[in-house]
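The values are calculated or read from the model by the stated rules, or taken from the named source; none is laboratory data. Only a predicted model underlies this, so the values are computations on that prediction, with no experimental measurement involved. Using ideal geometry, Cβ is built from the backbone for each residue, glycine included, and neighbour counts are taken over all protein chains shown.
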């Protein structure tokens, strides 16, 4: 089911303010997202929308088409690209599908791929390996280190996984494994993206005018993570890096 903006806060897909471009070799006029650290003030655009029933489903499984839409929102001008023709790039993605444009744009830019049989499987849960493969292409930051995991040798995504972890886009588990074929909850995906982009807020920093979701109660560990991901806001913080935000203005 398509994510849609909640009525009281229609959030237009715009450039995420913390991202800066770097040239993409695969699609002229497009650019991938890269981190812009040391922001004291700025604007964070929502990259998570709710569903038509007013929920945000933080404990739902993140699907491949939802991930494509999220990453498209995190890329400069993805919503304005004109490289996609009304052509069928995947056997199971038609132009009338809600996620068609985002999937087609990222595929055209070389950010994501389908399966050998020509399908994309949009409703299939995205795996940690697939998430890492996409996010490894969305950063120009040099990896601090590229760790080796005991459960990724000879895996098709071994190198993208190491790159994504080294650049801070996804984490390993406490036992040192990566578990490439595990699924990702929506709130886990938000947590990984927020951390990679230095987006963090606590209860004290959230204004009263935010979109509130009935299935994102304040007593859950993911409450602030979801609020950060699903509300467009202007922020400021005392310290440059790894400091929580104070929201000073909401954006619609």
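The table that follows gives values for the structure above.
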quantity: Some residue of segment 74-90 being farther than 18 Å from residue 187 by Cα and at pLDDT 90 or above; calculated: yes
quantity: Test set (1) surrounded by 20 or more Cβ atoms within 10 Å (Cβ to Cβ); (2) under 16 Å from residue 63 (Cα atoms); (3) in contact with a helix residue (DSSP H, G or I) (Cβ under 7 Å, 6 or more places away or on another chain) - residue 121 fails condition number; calculated: (1)
quantity: Test: residue 160 is at pLDDT 95 or above and either over 23 Å from residue 3 (Cβ atoms) or surrounded by fewer than 21 Cβ atoms within 10 Å (Cβ to Cβ) (or both); calculated: no
quantity: Scope segment 199-237; condition free of Cβ contacts under 8 Å to residues at least 24 places away in the same chain and assigned to a loop (DSSP other than H, G, I, E, B); matching residues; calculated: 208, 212, 217, 218, 219, 221
quantity: Hits in segment 176-198 (condition: in a loop (DSSP other than H, G, I, E, B) and over 21 Å from residue 251 (Cα atoms)); calculated: 176, 177, 178, 179, 180, 181, 182, 184
quantity: Number of the exception - residue 104 against (1) in a helix (DSSP H, G or I); (2) more than 19 Å from residue 78 (Cα to Cα); (3) over 15 Å from the mean Cα position of the chain (by Cα); calculated: (2)
quantity: Residues that are closer than 12 Å to residue 162 by Cα, assigned to a loop (DSSP other than H, G, I, E, B) and touching a residue at least 40 places away in the same chain (Cβ under 8 Å), drawn from segment 107-136; calculated: none
quantity: Test: residue 164 is outside any loop (DSSP other than H, G, I, E, B) and either more than 20 Å from residue 63 (Cα to Cα) or touching a helix residue (DSSP H, G or I) at 6+ places or on another chain (Cβ under 6 Å) (or both); calculated: yes
quantity: Which numbered condition residue 150 misses (of (1) under 30 Å from residue 91 (Cα atoms); (2) modelled with pLDDT of 95 or more); calculated: (1)
quantity: Test: residue 195 is in contact (Cβ under 8 Å) with a residue 24 or more places away in the chain and farther than 25 Å from residue 54 by Cβ; calculated: yes
quantity: One residue from 173, 178 being in contact with a helix residue (DSSP H, G or I) (Cβ under 7 Å, 6 or more places away or on another chain), at negative phi and either touching a residue at least 40 places away in the same chain (Cβ under 8 Å) or surrounded by fewer than 19 Cβ atoms within 10 Å (Cβ to Cβ) (or both); calculated: 178
quantity: Only one of 201, 144, 165 that is more than 25 Å from residue 43 (Cα to Cα), crowded, with 22+ Cβ neighbours inside 10 Å and either in contact with a strand residue (DSSP E or B) (Cβ under 6 Å, 6 or more places away or on another chain) or at pLDDT below 95 (or both); calculated: 165
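Here's the yes/no breakdown for (1) touching a helix residue (DSSP H, G or I) at 6+ places or on another chain (Cβ under 7 Å); (2) crowded, with 19+ Cβ neighbours inside 10 Å; (3) modelled with pLDDT of 95 or more; (4) closer than 26 Å to residue 61 by Cα:
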position	(1), (2), (3), (4)
208	no, no, no, no
211	yes, yes, no, yes
216	yes, yes, yes, yes
220	no, no, yes, yes
